[in-house]
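All remarks here apply to the structure that follows.
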Amino acid sequence: MAMRRWVYAALAVARVFCACFALGMIHPDEFFQSQEVMARHVLHGDQQLQRQLHVPWEFRLPTPNRSVLFPALVAGLPYRLMEWLGVTPTGSRLLLIPRLLLCVSSFFLDAALWKCAKALHHPDPMGVVLSFASSWTTLIFLSRPFSNTFETLVLAACMLTLLCMNPHRNLCFQILHPQTLWLGALLAVGFFTRFTFPLFFFPLGLELVRRQDEILQTAFMKKNSQPGVLRRLMRAISIAVQGFISFASCSLCIIVLDSIYFRGMNLPVETVLSPAWLNENLVIAPLNNLKYNMHEFGYKVLE
């Protein structure tokens, strides 16, 4: 066990080293999905870096194809903190800060894997973590600001919520199920990061319903009874409705954030928060992305 800990420590150092010194570009999206979008807000005047910036088409009006949520969390907030601390933005700092943030966040994946493996009674949780920590994907991709990286973090949070959160806990007169509400909110965050995220989430949603059905049957068995089909169906519908409400509420918050960022940055707060303005200027990035991809697919088919 001690040797495995040393191996993990060496792999952790290698991960940080790759984040800081592996400067080769894997794909332009490494820059176009976060740094290029957010750097313009901290580079002012005639700075040479400002003139070199290029805002990707996915973040341009009139139909932004990506939500600002991911770049704001990964690059925007750290850049603002750097500006607040009086640190001069340079090319290397703008490159490394999001990388280091995601590198640190990637260790959350290690912890999530460990906890999930323990929850599933895996015979060798440390072996699972070492396999993950030694993979090329972890050492290179997960310390770079791709939307896929953030998607991986959100999916890990979903698995942790499903496998490790108390499934029996209910609130508000046993009506609200916190586990379902958290999963609904995480689904919204993942969906607005990459609109394909629901495909990865779908098996987890089915497992949530299965586990809640199992809990219901166990509760009835203790009373020497069996729940009827209608009762089980109502429980499944209750879980689905609560998850949808949580998803819709979180999605609405992100839509408002995107709408203000893309269309109301220079307007008074009372204007951008008015229902009339929001109704006319809503930005639903995943829908725009889906329309774009469907249009391109149709164009290719017609060719």
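The values are calculated or read from the model by the stated rules, or taken from the named source; none is laboratory data. In this text the structure is predicted, and so the values were computed from the model without any measurement. For neighbour counting, all protein chains shown are included, and Cβ atoms are generated from backbone atoms with ideal geometry for every residue, glycine included.
If you go through segment 52-101 and pick out every residue that is of a type in the set (Gly, Ala, Ser) and at pLDDT 90 or above, you end up with 4. Among residues of segment 55-98 being hydroxyl-bearing (Ser, Thr, Tyr) and assigned to a helix (DSSP H, G or I), the one that is farthest from Val154 (Cα to Cα) is Ser92.
Can you tell me which of Gly298, Gly243 is over 17 Å from Ala72 (Cβ atoms), in the same structural domain as Leu187 (by TED's automatic domain parsing), at pLDDT below 85 and assigned to a helix (DSSP H, G or I)? Full working, then the answer.
Values: Gly243 fails: at pLDDT below 85.
Checking each option against the conditions leaves just Gly298.
Against the definition (in contact (Cβ under 8 Å) with a residue 40 or more places away in the chain, on the phi < 0 side of the Ramachandran plot, not acidic (Asp, Glu) and not assigned by TED's automatic domain parsing to the domain that holds Ala188), how does Leu102 come out, yes or no? Taking the combined requirement at face value, the residue satisfies it.
Scanning segment 107-138 for residues that are surrounded by 15 or more Cβ atoms within 10 Å (Cβ to Cβ) and in a loop (DSSP other than H, G, I, E, B) gives a single hit, Ser134.
Looking only at segment 1-44, which residues are in a loop (DSSP other than H, G, I, E, B) and surrounded by 13 or more Cβ atoms within 10 Å (Cβ to Cβ)?
Residues of segment 1-44 that are in a loop (DSSP other than H, G, I, E, B), as a first pass: 1, 22-28, 33-34, 40-44.
Within segment 1-44, Ala22, Gln33, Ser34, Arg40, His41, Val42, Leu43 meet the criteria.
Residue pairs whose Cβ atoms lie under 7 Å apart, sitting 6 or more positions apart in sequence or on different chains, and linking a residue in segment 63-83 that is in the same structural domain as Asn289 (by TED's automatic domain parsing) to a partner that is at pLDDT 90 or above and crowded, with 20+ Cβ neighbours inside 10 Å, do not occur here.
Do we have any residue at all in segment 154-163 that's touching a Ser or Thr at 6+ places or on another chain (Cβ under 6 Å), more than 30 Å from Ile26 (Cα to Cα), of a type in the set (A, V, I, L, M) and surrounded by fewer than 21 Cβ atoms within 10 Å (Cβ to Cβ)? Let's see the steps before the verdict.
The initial filter retains those residues of segment 154-163 that are touching a Ser or Thr at 6+ places or on another chain (Cβ under 6 Å), namely none.
No, there is no match, as no residue in segment 154-163 is touching a Ser or Thr at 6+ places or on another chain (Cβ under 6 Å), more than 30 Å from Ile26 (Cα to Cα), of a type in the set (A, V, I, L, M) and surrounded by fewer than 21 Cβ atoms within 10 Å (Cβ to Cβ).
Scan segment 10-57 residue by residue and report those that are aromatic (Phe, Trp, Tyr) and under 20 Å from Met82 (Cβ atoms). Across segment 10-57, the qualifying residue is only Phe31.
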